[in-house]
1. So, by mean Cβ neighbours within 10 angstrom, what's the order for 65-78, 135-148, 246-259 with the highest one leading?
2. Ranked from highest to lowest mean number of other Cβ atoms within 10 Å per residue, what is the order of the peptides 223-235, 21-33, 352-364?
3. Between residue 37 and residue 272, with labels modelled 7 Å along Cα→Cβ, what's the label distance in nm to one decimal, could you check?
4. Quick check: residue separation of residue 286 and residue 52 times 0.36 nm, minus the Cα distance between them. What number comes out in nm?
5. Counting only protein heavy atoms and a 1.4 Å probe, tell me what percentage of region 248-344's accessible area is made up of carbon and sulfur.
6. Can you list the aspartates and glutamates whose alpha carbon sits under 19 Å from that of residue 112, skipping same-chain ones fewer than 8 residues off?
7. Which of the listed residues, 245, 214, 230, is farthest toward the dipole's positive end in region 182-264, when Lys, Arg count +1 and Asp, Glu count -1 at the beta-carbon?
8. By the gyration tensor of its Cα atoms, with a ≥ b ≥ c the square roots of the eigenvalues, what is the shape of region 115-203: rounded for a/c under 1.5, prolate for a/b over b/c, or oblate?
Amino acid sequence: GVVAGEMGEVLRLMRPLITTADCIKCHARQGYEFGSLRGGLSVSVAIDPLWEIRRPNMWLAMLGTILLWLLGLAIIVGGGWRLIVLARQQRDVDDWVRFLDQYDRLTGLPNKRTILAMLELEVARARQKGTPFCLILVDIDGFRKINNALGHGHGDKLLQQVGDRLSAAVRGRGTVGHFGAGAFPVMLPHAGGSADAGHVVNDLLERFKEPFSIGTQEVFVTVCCGISLFPNDGEDAGQLLQNSAGALHSAKAKGKGSFSFYAPAMNAEAIEQVQLESELRRALESDELVLHYQPQVDAGSGKVIAAEALVRWQHPQLGLLMPDRFIPVAEEGGLMLALGDWVLAAACRQMREWKEQGGPQLPVAINLSASQFQQAGLVRFFEKTLAQSGVRPGLLVIEVTESTLMTNTTQVLDTMERLQDCGFRLSIDDFGTGYSSLSYLKHLPIDSLKIDKSFVHDLPEDADSRGIVKAIISLAENLKMKVLAEGVETQAQLEFLRDQGCPNMQGFLFSRPLAAGDFATWASQRPSAES
């Protein structure tokens with residue numbers, strides 16, 4: 001133990017003396033017993049020198065211990081924080097997966113799966129309380145064309161703004177979702193009936209009179225609405241949604257910016273559209289499609305300068321169907337590529353037949369859809385088709401719309417230049433109705449502009465139409481392009497256009513579209529550009 005002494009604190013060490021067997025030999029008579037304690041030996045050591053030796057080592061030991069504690073604490077804290085971060089990241093991933101499962105990524109609105117679930121809940125609530133509610137399906141008019149014209153990036157921004165505008169319109173009254181493309185369902189749980197639904201729809205349509213700001217330009221957009229009411233138009237979510245789609249289809253048939261309430265006859269119309277799409281697929285393989293040709297004439301001499309090939313469908317039961325009956329079906333069903341390829345091949349075959357039979361050798365114009373224009377290998381396909389038919393590229397005029405030209409402008413310009421290098425003529429169809437930029441137009445290898453018939457229809461009485469037509473003719477002249485007016489039906493229209501310097505025309509005043517044989521006969525009886 002440590003005791004105080006003359007030398008200060010000392011460490012006293014003691015060793016006991018225990019009786020062993022050897023001790024008993026001599027000390028047994030003195031009463032010693034084996035194992036008994038009979039004394040001890042002790043030594044005292046001054047402790048201060050020991051402290052002097054131990055003190056540095058003690059501080060090192062304490063420092064080492066502290067460092068070990070700090071290291072252990074850092075490992076515990078760091079490991080715990082890492083676990084917290086990993087858990088938070090996992091939670092964020094789970095939240096994002098749940099969001100994608102329930103909401104549209106682009107607009108942040110409930111997706112189709114979520115809307116259907118909400119509809120089922122609302123149906124159950126309305127059935128229990130015996131109250132009606134309304135489902136409106138809103139669709140952007142011509143969204144595919146708008147998306148192609150603006151580009152997909154700006155098209156996405158437009159969808160976001162449309163979703164925001166719809167949400168603002170129904171805030172507090174219902175829920176807006178997004179099904180993809182231009183379709184937005186609007187669920188109104190508290191709509192009392194058709195009158196309330198009509199007020200809401202009118203409010204929605206009114207809000208779309210204001211333009212949308214997309215990039216540096218303003219875009220005017222219209223929507224159509226299809227309305228179904230519970231329980232009259234369906235007793236479950238699927239049926240309500242289907243009937244809203246039927247009403248929407250009916251609204252689109254009325255024109256842009258329209259709406260329709262569901263009626264039972266609409267289901268029959270929707271079924272007819274599905275059946276028509278199936279039959280159109282068959283028609284492409286069974287030679288039910290035919291081309292009619294409408295002449296294009298020189299306004300001054302009346303000479304035939306070219307013809308436009310227009311597709312018709314000789315339906316076995318419905319008779320001859322015009323393009324407005326089946327082209328929308330082809331667009332919705334993804335058949336425009338196949339239809340466009342058929343038109344090109346059929347037009348080339350017909351030009352070869354006319355040549356072999358000594359018929360008219362005139363340029364023939366065909367319409368090229370946006371989906372065809374974006375098709376890989378388009379130029380090669382055109383060259384191959386004309387080579388097989390023996391038709392010179394200069395006899396084929398390719399007509400494209402303004403909206404097609406504004407889709408992926410770099411690719412469009414490259415494709416058009418390659419087509420022109422191959423000898424094809426290029427024309428802008430329905431000029432004045434699209435979104436083309438004049439600064440972009442001047443760089444395109446265009447041979448001619450076609451004035452849309454919507455501007456010709458009201459000539460010469462309508463002042464706006466007169467101004468637009470004059471401007472297009474002047475523009476074409478300045479850009480060294482030919483110009484053709486389509487839809488000419490009256491002598492007054494012809495005289496006005498001729499006075500304004502429009503050299504070429506097309507319309508019922510000269511001839512309706514004719515079957516190939518009838519066109520050859522008609523053309524042979526008139527002076528042609530070849531004569």
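1. 135-148, 246-259, 65-78
2. In decreasing order of mean packing, 223-235, 21-33, 352-364 become 223-235, 352-364, 21-33.
3. Label at residue 37, label at residue 272, 12.1 nm between them.
4. 73.1 nm
5. 55 percent
6. Hits, sequence-local ones excluded: 95, 101, 104, 120, 122, 139, 156, 164, 235, 236.
7. Final value for the positive-end residue is 214.
8. prolate
The values are calculated or read from the model by the stated rules, or taken from the named source; none is laboratory data. None of the values given here were measured: they were computed from a predicted structure. Neighbour counts run over all protein chains shown; Cβ positions are idealised from the backbone, glycine included. Just so you know, the surface numbers come from the protein's heavy atoms only, side chains and all, with ligands and any DNA or RNA stripped out. Shrake-Rupley method; radii C 1.70, N 1.55, O 1.52, S 1.80 Å.
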